[in-house]
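This report refers to the structure that appears directly beneath it.
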Amino acid sequence: QQPVQSPQAVILREGEDAVINCSSSKALYSVHWYRQKHGEAPVFLMILLKGGEQKGHEKISASFNEKKQQSSLYLTASQLSYSGTYFCGTEVTGKLIFGQGTTLQVKP
Amino acid sequence: KAGVTQTPRYLIKTRGQQVTLSCSPISGHRSVSWYQQTPGQGLQFLFEYFSETQRNKGNFPGRFSGRQFSNSRSEMNVSTLELGDSALYLCASSVNSYEQYFGPGTRLTVT
């Protein structure tokens, strides 16, 4: 039931782009994205409720494909502040189940 | 608006003991969810309370329990602690279970 995220880790240089994928074996009705910086609590980024809908947060956007049961998070022109672990979450019978996380490190 | 607060922030307990963790949600938030975070298992859902009622429960043994008070503050209790219960316990509050605001967590170490 846990969504699968890929890649597990990615290292970028400032200004580079990255894509984080989240897929589920179950039908998806919504996908939630959170970012957790080292030693801090997870912070809500966005939620996608409709198929194919894209949402944005600063230079971070996401897409949601219901048919493929997957969502992708796009980080454009990465900044040092984007470093952290990104979690996608999917709702299963009212519970928010998180993927294992993708660790993103942005280097100067 | 004040954020979600959790007390205590750090706790060291011995196997077999029990522990109670507290969470004060953001004012006006009636939903409180609890999560266990470990390096190996990631963020795992424990339970959710809404208006003093448990609305959802994760796949944890009965040693893990919780409750919510009329002011939306929530507590979780773990009885008969095991070494594997060592983790960061996070609570999150929300208006509608969608956008969740996490507290700083309680770091529990069981020795």
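The values are calculated or read from the model by the stated rules, or taken from the named source; none is laboratory data. Predicted model, so just to flag it, every value in this text is computed and none were measured. We place every Cβ from the backbone using ideal geometry, glycine too, and count neighbours over all the protein chains shown.
Below is a table of values for the structure above.
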{"item": "Selected residue (criterion: farthest from the other protein chains (Cβ to nearest Cβ)) from residues of the stretch B:56-111 that are buried (at least 20 other Cβ atoms within 10 Å of the Cβ) and among the aromatic types (Phe, Trp, Tyr)", "result": "B:89"}
{"item": "Selection from the stretch A:36-50 of residues that are out of contact with any Pro (no Cβ under 7 Å at 6 or more places or on another chain) and closer than 30 Å to residue B:107 by Cβ", "result": "A:37, A:38, A:39, A:40, A:42, A:43, A:44, A:45, A:46, A:47"}
{"item": "One residue from A:34, A:86, A:29, A:74 being part of a strand (DSSP E or B) and closer than 21 Å to residue B:59 by Cβ", "result": "A:34"}
{"item": "Residue A:47 vs. criteria within 14 Å of another protein chain (Cβ to nearest Cβ), touching a residue at least 24 places away in the same chain (Cβ under 8 Å), among the hydrophobic types (A, V, I, L, M, F, W, C) and under 22 Å from residue B:4 (Cβ atoms)", "result": "no"}
{"item": "Scan of the stretch A:62-82 for residues that are at pLDDT 90 or above and not hydrophobic (A, V, I, L, M, F, W, C), ordered by number", "result": "A:70, A:71, A:72, A:74, A:76, A:78, A:79, A:81, A:82"}
{"item": "Odd one out for residue A:67 among (1) more than 14 Å from every other protein chain (Cβ to nearest Cβ); (2) under 24 Å from residue B:47 (Cβ atoms); (3) out of contact with any Ser or Thr (no Cβ under 6 Å at 6 or more places or on another chain)", "result": "(2)"}
